[in-house]
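**Student:** Can you read through this structure? Questions will come right after.
The values are calculated or read from the model by the stated rules, or taken from the named source; none is laboratory data. All values reported here derive from a predicted model rather than from experimental measurement. Here the Cβ is made from the backbone with ideal geometry for all residues, glycine too, and neighbour counts use every protein chain on show.
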Amino acid sequence: MTKLIAVTSCPTGVAHTYMAAESLQKAARSRGIELHVETRGAIGVENENTPDLIAAADAVIIAADTDVLEERFAGKPVVKVPVAQAIRDANGLLDQAVAAAKEQANRPNAAAAAPAKTQAAPAGRKGPYKHLMNGVSYMLPLVVAGGLLIAISFIWGIHAFEVKGSLPANLKMIGGAAFALMVPILSGFIAYSIAEKPGLAPGLVGGMLATQLSAGFLGGIISGFVAGYVVVALKKYIRMPRNLEGLKPILLLPLLGSLITGLLMIYVIGEPIQSLMSALTKWLESIGTTNSILLGLLLGGMMAFDMGGPVNKVAYTFGVGLLASNVTAPMAAVMAAGMTPPLGLWLSTLLTPGKFTREERDAGKSAAVLGLSFITEGAIPFAASDPLRVIPSLVVGSAITGALSMLFHVTVLAPHGGIFVAFIPNAVGHPLSYALAIAVGTVVTAVMVSLLKKPIEAKGENTK
Amino acid sequence: MKITELLSRESILIPMTATDKESVMEAMAESLAAAGHVVDKNAYMEALIAREKTGSTGIGFGVAIPHGKSAGVATAGLAFAKLAQPVDWNSLDGAPVQAAFMIAVPEAAAGNDHLKILIAISRKLIDDEFRSSLFRVKNAEELLALLETVEG
């Protein structure tokens, strides 16, 4: 039998909300349809649709003129109408919902054919994880497009993009634009997942600040969650006189949401990051190049820790800085360690495909290219969606690669380019040892990721 | 909680002779002011009209439920009008309105008891039997007797 759930809501919350609920229930009773109706009115939320009810439902009816936290129903067929329509035509709505449920059920291979987004965020997962996955799935195309375009620009040689106005320069610029959007989009859509539409702007702003403050994607994850929950709190606690209620979504939520998120990012995240970066730089300088294997280990681990975040930047800047004084071994360690994270993840998607979503398995292929091109960002979507398991694996693999590179006395003369550096005569010292160092780190990372990651729950969530 | 705390005799308008939507709403709001539920009738009317603009409160089946939440409302109140002549309300089903409940809700709704009664009445309006009884009431006593049957 078809199981339906519904939400009704209206601005005043005394009349339409309840008449719509009554109307739907009456129609459902007379037709023997199982229906649970949540009302969001002036006396609060009643008969709330619990996660269990949502999971068991075949379709959802939303009859509302206000925000009803729709994202709870991601992956379910939803029939959405103004509240009045449920009063006027409850039977028609039930027909639509039943038809939508049938359509979903009849879809061949329903579980596999489900949109990638819902597959990436199975309802069985816990809240924060789901928000994270939402952000990652919107960020992923930017990483792929941006990374590949930058990699392509290297085809003309790794210095080709330095010629202003040339095609390689423009490709690099386009790729750079995509990369600049990466963290804001990650942050924005985490916040969107938490607070729906009003969360997006503060989330985007927070993510942009994370980029500007060198906080990297980890900073972007933080800003996304901060923005999302700040907006949820604002929605809940700001009460406006009814005739000014319209100001809330268009003025107050974006203004206060962005302001609070922004201030938190700058004062709570930004300032500590600045001091962390200068402390790390001093620390690396104090170690110097005397204990080269230890230095390689540290540089390697740092490169993989936050991929473009503050720790990574310190290591990279350290390596590049030494190039100027003709010390070229640390640059080799830095570059090798920046290549293994995407490479290791690519290998891991081949070793244990069952532990990755389809989206991730596809992203694995481009990660291989990005890894070879020393575009460490290729690993970010994987790291962002499961940071606690993925980041340690990346750090260990990169640290080993960094140490090996130093041990083998590999030298690299260029600050970027990855495998493309090898095409420049004498730019890499001991290239075969270098390849070995990278291969070992790649395998270590891949094995660790494959062991640590949990299999994707292939829960169909009642799509049958 | 008695229905009479919400619906005073002054606010039961049987029959109501006004022939257009605005006059009906004016008269009902006036009666809520007379009963003491509404202290600032203009503010309350504004809320009613603003609500009407977002979509007619004529819910169909000959019933309308104009309602407004406003600082001009002191305590939650209800008014009822049985129209001598059906009035066009831009209803969802296009049918003219024969009976109207007007709901006044204060900005800061104190306690849920009042709201619960109003909600129960709203729900009841979906019930065909309740509506036909409603259309049959001839005076305030009959209306109050009918509403007593609504569980808050």
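**Student:** Need a quick list: helices (runs of 4 or more DSSP H) entirely within segment A:300-408 having at least 3 residues that are over 20 Å from A:L142 (Cβ atoms).
**Tutor:** A:310-324, A:329-351, A:387-407
**Student:** Please determine, by comparing only the residues of segment A:68-92 that are among the aliphatic types (A, V, I, L, M) and in a loop (DSSP other than H, G, I, E, B), which one is nearest to the other protein chains (Cβ to nearest Cβ).
**Tutor:** Out of the qualifying residues, it is A:V68.
**Student:** Let me ask you something else. When you go through B:A71, B:A100 one by one, which is the residue that is of a type in the set (A, V, I, L, M, F, W, C) and surrounded by fewer than 22 Cβ atoms within 10 Å (Cβ to Cβ)?
**Tutor:** B:A71
For (1) part of a loop (DSSP other than H, G, I, E, B); (2) modelled with pLDDT of 90 or more; (3) within 12 Å of another protein chain (Cβ to nearest Cβ), each residue gets a yes or a no:
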site: A:I5; (1), (2), (3): no, yes, no
site: A:Q25; (1), (2), (3): no, yes, yes
site: A:V45; (1), (2), (3): no, no, no
site: A:V60; (1), (2), (3): no, yes, no
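**Student:** Which one of these does A:S30 not meet: (1) more than 10 Å from chain B (Cβ to nearest Cβ); (2) touching a strand residue (DSSP E or B) at 6+ places or on another chain (Cβ under 9 Å); (3) free of Cβ contacts under 8 Å to residues at least 12 places away in the same chain?
**Tutor:** (2)
**Student:** Which of the residues belonging to segment B:76-98 are assigned to a loop (DSSP other than H, G, I, E, B) and more than 14 Å from chain A (Cβ to nearest Cβ)?
**Tutor:** Across segment B:76-98, the qualifying residues are B:D88, B:P96.
**Student:** If B:I14 passes every condition in (1) among the β-branched types (V, I, T); (2) more than 14 Å from chain A (Cβ to nearest Cβ); (3) not in a strand (DSSP E or B) but one, which one does it miss?
**Tutor:** With (1) among the β-branched types (V, I, T); (2) more than 14 Å from chain A (Cβ to nearest Cβ); (3) not in a strand (DSSP E or B) applied to B:I14, the lone miss is (3).
**Student:** Next question, about the same structure. Check B:E107 against each of (1) crowded, with 17+ Cβ neighbours inside 10 Å; (2) within 11 Å of chain A (Cβ to nearest Cβ); (3) at negative phi and name the one condition it does not meet.
**Tutor:** B:E107 satisfies all of (1) crowded, with 17+ Cβ neighbours inside 10 Å; (2) within 11 Å of chain A (Cβ to nearest Cβ); (3) at negative phi except (1).
For every residue, the table says whether it meets (1) assigned by TED's automatic domain parsing to the domain that holds A:T376; (2) in contact with a Leu (Cβ under 9 Å, 6 or more places away or on another chain); (3) assigned to a helix (DSSP H, G or I); (4) hydroxyl-bearing (S, T, Y).
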site: A:P272; (1), (2), (3), (4): yes, no, yes, no
site: A:S275; (1), (2), (3), (4): yes, no, yes, yes
site: A:T281; (1), (2), (3), (4): yes, no, yes, yes
site: A:I293; (1), (2), (3), (4): yes, yes, yes, no
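**Student:** Which of (1) farther than 22 Å from B:K116 by Cβ; (2) surrounded by fewer than 19 Cβ atoms within 10 Å (Cβ to Cβ); (3) of a type in the set (D, E) is the odd one out, the single condition A:D58 does not satisfy?
**Tutor:** (2)
**Student:** Give the residues of segment A:7-23 that are more than 7 Å from chain B (Cβ to nearest Cβ), polar (S, T, N, Q) and not in a strand (DSSP E or B), sorted by residue number.
**Tutor:** Answer for segment A:7-23, where residues must be more than 7 Å from chain B (Cβ to nearest Cβ), polar (S, T, N, Q) and not in a strand (DSSP E or B): just A:T17.
**Student:** Kindly provide the set of residues from segment A:392-430 that are without any contact (Cβ under 8 Å) to a residue 60 or more places away in the chain, under 16 Å from A:G338 (Cβ atoms) and out of contact with any Leu (no Cβ under 7 Å at 6 or more places or on another chain), ordered by number.
**Tutor:** Of everything in segment A:392-430, just one residue is without any contact (Cβ under 8 Å) to a residue 60 or more places away in the chain, under 16 Å from A:G338 (Cβ atoms) and out of contact with any Leu (no Cβ under 7 Å at 6 or more places or on another chain), namely A:A422.
**Student:** Restricting to segment A:357-391, name every residue that is of a type in the set (F, W, Y) and surrounded by fewer than 24 Cβ atoms within 10 Å (Cβ to Cβ).
**Tutor:** Residues satisfying the conditions do not exist here.
**Student:** Of the residues that sit in segment A:158-175 and are touching a helix residue (DSSP H, G or I) at 6+ places or on another chain (Cβ under 7 Å) and small (G, A, S), which one is nearest to A:V136 (Cα to Cα)?
**Tutor:** A:G175
**Student:** Restricting segment A:47-58 to residues that are part of a loop (DSSP other than H, G, I, E, B) and free of Cβ contacts under 8 Å to residues at least 24 places away in the same chain, which is farthest from the other protein chains (Cβ to nearest Cβ)?
**Tutor:** A:T50
**Student:** Go through segment A:423-438 and count every residue that is in a loop (DSSP other than H, G, I, E, B) and among the small types (G, A, S).
**Tutor:** Total meeting the criteria: 1.
**Student:** For segment B:123-146, name all the residues that are within 10 Å of another protein chain (Cβ to nearest Cβ) and either out of contact with any Ser or Thr (no Cβ under 8 Å at 6 or more places or on another chain) or modelled with pLDDT of 90 or more (or both).
**Tutor:** B:R123, B:K124, B:L125, B:D127, B:D128
**Student:** List every residue pair whose Cβ atoms sit under 8 Å apart, with the two residues 6 or more apart in sequence or on different chains, where the first one lies in segment A:136-147 and is over 15 Å from A:G176 (Cα atoms) and the second, anywhere, is β-branched (V, I, T).
**Tutor:** Listed by first residue and then by second, the contacts come to A:Y138/A:I185.
**Student:** Another question, then. What are the residues in segment A:405-427 that are among the hydrophobic types (A, V, I, L, M, F, W, C) and modelled with pLDDT of 90 or more, if any?
**Tutor:** Of segment A:405-427, the ones among the hydrophobic types (A, V, I, L, M, F, W, C) are A:406-408, A:410, A:412-414, A:419-424, A:427.
Of everything in segment A:405-427, those that are among the hydrophobic types (A, V, I, L, M, F, W, C) and modelled with pLDDT of 90 or more turn out to be A:M406, A:L407, A:F408, A:V410, A:V412.
**Student:** Within segment B:47-73, how many residues are more than 7 Å from chain A (Cβ to nearest Cβ) and of a type outside the set (V, I, T)?
**Tutor:** Residues that pass the stated criteria total 11.
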